[in-house]
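Taking it in order: structure first as structure tokens, then the write-up.
The values are calculated or read from the model by the stated rules, or taken from the named source; none is laboratory data. Keep in mind that what you see is a predicted model, and the values were worked out from it rather than measured. Don't worry about glycine lacking a Cβ; one is built from the backbone with ideal geometry, like all the others, and counts go over all protein chains shown.
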């Protein structure tokens, strides 16, 4: 939404366009402003969050399956020794002494056979330790000092059933959900605006025929078609948003048609016609700027609808493919693991709901701002 | 009136024909078939199966065959539930879905309508803001989030309600699915009612009613509400469609043997007849419901005349 | 019927404030008014003077953000502080009200009979059956044709005039003491207006209630009121006996209002002036088709209209709503498909394609009635005014266009410094000036003016009429002036054409038509509208 500019060289008095008024009203609406901030933060996290996160979104931590969300670092102090002992056992080492020095473990180990220096790999491969090293080996190679640093990691949102970091996954899922939301909305808006404007502007029989088609399409159980498409043609990211977009354009077409019909009857359009302004001129200068308001509002309200639809498909197991993920996928996994690991549901749900909430509030705010007669 | 209804029903035939055609060919051009199992079947068995289900015939012949049987209201045998015909499956599942959907719709209308009217009468007051915030929440939180949480709290922790199953439609089994299904619709109905009620309360004829000393009840209920309910009535059509969609989730989560669940199973198992049967039945249902809604609208608004 | 008896309704120091997001607006600033039994009091003022809001406040009908102060006394009770239940025993029984908008003031979902009966059931304790019987009597009283059938009709099945009669019937149902009529005739055609006023006057004489009549139309005041309150921006600036107000107004604003009737006549055009426009048997038919498969039927909006205009002349086209006068205006400009022949400057323009019309469009212009609808809300005034130049003089640079826009704005007496503002920042009169500037920038020959003054207050109307006259004289413009307002037509037109149901009833020079109309309908029209004029001339 930009303020219309004028190219008058010496402008003595600045007018306030309806867009200016609408912007002021929007910024005066606290719920809408707060929502814009929330949405901005979520979008930013989704875009740069995965880059900043120390965990790749598909990295599996086998030692940290379903660990709860926590601000404290893993491993927990009481986890370290048992884990170390378990690893030593697997490496067939006997621990003679165990000592924690700062963030490292120093242990005297012995074995019945000669200790292979590669034994340290057992420790390095574990998610708990890193930089394991054997020093001070005995002459017979059957004892030595094993030193390993504790590998501290944070799982602020916990991990999922495969031991992947929920925070990074939530951010990545945000990318997917928001992208699908925006792309599908763009598809729906493009089809809807074009169809609606054509129908409304041409009028007459063409209009009636085109609207009849919309009526028929309305009575189709579209969601079932989407499911069919997705099931039969594979879970394709592109296909998905085309399908969703193709479903959601009907409302837009109706809105734009109604708006076009209203504007076409407005006297300022008739005045332009009487002045000999061409069709393109009328559409560009009069119809588009005046249709923009409702379209923008509807767009803001359509994005959450699409995101919801995507998560609905994901919930049914028809969403994006592993290891990619979306909020819907995460939520459906969370719902399955609700007992015992509630964080798996809570965090993606918070992100999804706040996004939808924010978008709804922004949409409502925009509507009030652009069409102030209800205040 | 009768002529109008007949006309509408006749007008639905092309729509249904279109639906049958689109879904038939959409399924058939899709890769994979009903018998492509993980463990391939023997060639002989496959051949026999294809023969039984007419899959060996040319596509257009299959199409005509299917059209013919649908015209006789026979949706054919199921490919996946091989002992059942689609009609038998629907006979069990459709009543369950209808009961679920209608109960949720009534709940949504009563609760949503009441909330909307209350909010409109207290416009821009705390009550209004609370109701509207709750309504926004209701629209925003997906039912597949609500359902597990409700199950966990009321079913598992408190143990008040069963966590799933239909149990022949016993009251306690119905509560959770119906509430889950109705919540978003309650929210939408509340928002709609509030909006149209505010407009109605400001309209000139309500001003007339107030100017003529009618009681608040008469003004609000007799003069404002009857007009304000009209947009809600028009919303019933889309609401029914939304409930059908919602029922897919709810039936899956709560393990209710309704038509929505069959659809997902059918689609995943390439059960051609089951998927198409569901689509056709659902479409008929939506069309019929829209007709009822239009008639209801005409009943409420004398300006609408059908002839 | 001068009355000195005690007031039935007494308004003292009434204030009305509205809380808006941008602050509190004082709509009524402490007014005193009263009305006695059998008396008719008129409250006069232009739009925004607070006259309606004062009465709404008295009836407890303010919008939610409105607050009323002061005292409104009826029968010893202060209406402003009465509990709702108590107030409801007075509203609709002792004090009733008729509103400006007959089309929307009745509930569209209930029959006339039910709505009429409702206040009687509530207040009079009548049974529904008895109330319906009385409703039928009332419909007869207000001269509704075919009352037995109409009582079962819904509001949408009736015309505006009939609905207003129903409202009046409703107002009289419980024999009220006070009737408040808020511009009850403004939305109606002149002939209907006259009938409704007559009906109200008769009923008052018969039933003897007090009437408070809100209007902006001095003609009506003159005709029906005993006393007058003149309101301006929330204050009563002058009050007194009707005769006194009309003969010796004290306040300058009252004088301005009384002066606001457009006066004078147009100087005739020299006989040598060349013919500019000729219309022969112009007809427009709309095909009305309800559905995709239903047969169309034709509606003749304009039926064989012919006229000729010379350069510099003004043709006034007069008629009530639905008479086809606006359609004729558009048909002449070839803006909608029409039959017959229109010749402009020796050039047959009827039936020309849009592309062929393009070059001619700059000479043929159109000004609309609604100054709020005819300006694109998202363009600046400068852009609106110069839009035609984009089409017809594309060689102009932006600076040149701007200069031309400034010139045009100056011509209509608007400050060109305001050209970067948007239409919603202007008042109705200013917006109509902008619309006129938009046509003037192209230096046209013929301008079709479609009710250009109807949506404006009288004082503004007068200014616009004068502006149009000045512009015509300066640029030798030819006008096709469409209006239902005979006073304005009389002040502007050389010749007048009266239309009814798409046909020309009567046509001729302005003086002739006004002084000796031949047709009954014309006489009725003039009789209904010209009361103001003749009485004003007699007295002032």
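Some observations on this one:
- Lone unmet requirement of (1) within 12 Å of another protein chain (Cβ to nearest Cβ); (2) assigned to a helix (DSSP H, G or I) for residue C:410: (1)
- Among the residues of region C:65-107, those that are within 20 Å of residue C:185 (Cα to Cα) and in a loop (DSSP other than H, G, I, E, B) comprise C:99, C:100, C:101, C:102, C:103, C:104, C:105, C:106, C:107.
- Within region C:204-226, considering residues that are surrounded by fewer than 23 Cβ atoms within 10 Å (Cβ to Cβ) and more than 23 Å from the chain's Cα centre (by Cα), the one farthest from residue C:55 (Cα to Cα): C:206
- Exactly one residue out of C:464, C:482 is more than 21 Å from residue C:278 (Cα to Cα) and either surrounded by 23 or more Cβ atoms within 10 Å (Cβ to Cβ) or in contact with a helix residue (DSSP H, G or I) (Cβ under 9 Å, 6 or more places away or on another chain) (or both), and it is C:464.
- Residue in region B:217-237 that is more than 13 Å from the chain's Cα centre (by Cα), in a helix (DSSP H, G or I) and more than 14 Å from chain C (Cβ to nearest Cβ) present: yes
- Complete set of residues in region A:280-294 that are over 30 Å from residue A:368 (Cβ atoms) and at the interface with chain C (Cβ under 9 Å from one of its Cβ atoms): A:281
- Any chance residue B:49 is more than 23 Å from the chain's Cα centre (by Cα), more than 14 Å from every other protein chain (Cβ to nearest Cβ) and at pLDDT 80 or above: no
- With respect to the stated conditions, residue C:48 fails to be outside any strand (DSSP E or B) and in contact with a strand residue (DSSP E or B) (Cβ under 8 Å, 6 or more places away or on another chain).
- Among the residues making up region A:244-261, those that are closer than 20 Å to residue A:301 by Cβ, surrounded by fewer than 24 Cβ atoms within 10 Å (Cβ to Cβ) and more than 10 Å from every other protein chain (Cβ to nearest Cβ) are A:245, A:246, A:247, A:248, A:250, A:254, A:255, A:258, A:259.
- Selected residue [in contact (Cβ under 8 Å) with a residue 12 or more places away in the chain and not in a strand (DSSP E or B)] from A:140, A:131, A:149: A:140
- Those residues of region C:328-370 which are in a loop (DSSP other than H, G, I, E, B) and more than 9 Å from every other protein chain (Cβ to nearest Cβ), in sequence order: C:334, C:336, C:337, C:338, C:345, C:346, C:349, C:350, C:351, C:352, C:353
- Sole exception among (1) free of Cβ contacts under 8 Å to residues at least 40 places away in the same chain; (2) surrounded by fewer than 21 Cβ atoms within 10 Å (Cβ to Cβ); (3) part of a loop (DSSP other than H, G, I, E, B); (4) more than 11 Å from chain B (Cβ to nearest Cβ) for residue C:144, by number: (2)
- Residue identified as out of contact with any strand residue (DSSP E or B) (no Cβ under 8 Å at 6 or more places or on another chain), within 14 Å of chain A (Cβ to nearest Cβ) and modelled with pLDDT of 90 or more among B:120, B:133, B:104, B:108: B:120
- Residue within region B:162-172 that is under 19 Å from the mean Cα position of the chain (by Cα) and more than 13 Å from chain C (Cβ to nearest Cβ) present: yes
- Candidate set from region A:319-336 (those that are more than 7 Å from chain B (Cβ to nearest Cβ) and not in a loop (DSSP other than H, G, I, E, B)); member that is modelled with the lowest pLDDT: A:336
- Only one entry in A:189, A:223 is at pLDDT 85 or above, buried (at least 17 other Cβ atoms within 10 Å of the Cβ) and in the same structural domain as residue A:51 (by TED's automatic domain parsing), namely A:189.
- Residues of region C:489-498 include none that is touching a strand residue (DSSP E or B) at 6+ places or on another chain (Cβ under 7 Å), within 14 Å of another protein chain (Cβ to nearest Cβ), closer than 30 Å to residue C:298 by Cβ and not in a loop (DSSP other than H, G, I, E, B).
- Check on residue A:303, more than 30 Å from residue C:357 (Cα to Cα), more than 10 Å from chain C (Cβ to nearest Cβ) and surrounded by fewer than 22 Cβ atoms within 10 Å (Cβ to Cβ): no
- Among the residues of region A:337-358, those that are assigned to a helix (DSSP H, G or I) and either more than 8 Å from chain B (Cβ to nearest Cβ) or at pLDDT below 80 (or both) comprise A:343, A:344, A:346, A:347, A:348, A:350, A:351, A:354, A:355, A:358.
This table checks each residue for (1) crowded, with 17+ Cβ neighbours inside 10 Å; (2) more than 30 Å from residue B:180 (Cβ to Cβ).
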| position | (1), (2) |
| --- | --- |
| B:47 | no, yes |
| B:73 | no, yes |
| B:92 | no, no |
| B:105 | yes, no |
| B:119 | yes, no |
| B:124 | no, yes |
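- Residue match in region B:155-168 (condition: over 26 Å from residue A:332 (Cα atoms) and modelled with pLDDT under 90): yes
- Flag for residue C:339 being without any contact (Cβ under 8 Å) to a residue 60 or more places away in the chain and surrounded by 19 or more Cβ atoms within 10 Å (Cβ to Cβ): no
- Selected residue [more than 23 Å from residue A:274 (Cβ to Cβ) and either touching a helix residue (DSSP H, G or I) at 6+ places or on another chain (Cβ under 9 Å) or modelled with pLDDT of 90 or more (or both)] from C:419, C:433, C:490: C:490
- Evaluated against (1) in contact with a strand residue (DSSP E or B) (Cβ under 9 Å, 6 or more places away or on another chain); (2) within 14 Å of residue B:94 (Cβ to Cβ), residue B:244 falls short on exactly one condition, (1).
- Within the set C:451, C:425, the sole residue that is within 27 Å of the chain's Cα centre (by Cα) and at positive phi turns out to be C:451.
- Conditions (1) more than 9 Å from every other protein chain (Cβ to nearest Cβ); (2) in contact with a helix residue (DSSP H, G or I) (Cβ under 7 Å, 6 or more places away or on another chain): number failed by residue B:268: (1)
- Filter result for the condition that a residue is buried (at least 17 other Cβ atoms within 10 Å of the Cβ), in contact with a strand residue (DSSP E or B) (Cβ under 8 Å, 6 or more places away or on another chain) and closer than 30 Å to residue C:125 by Cα, over B:213, B:227: B:213
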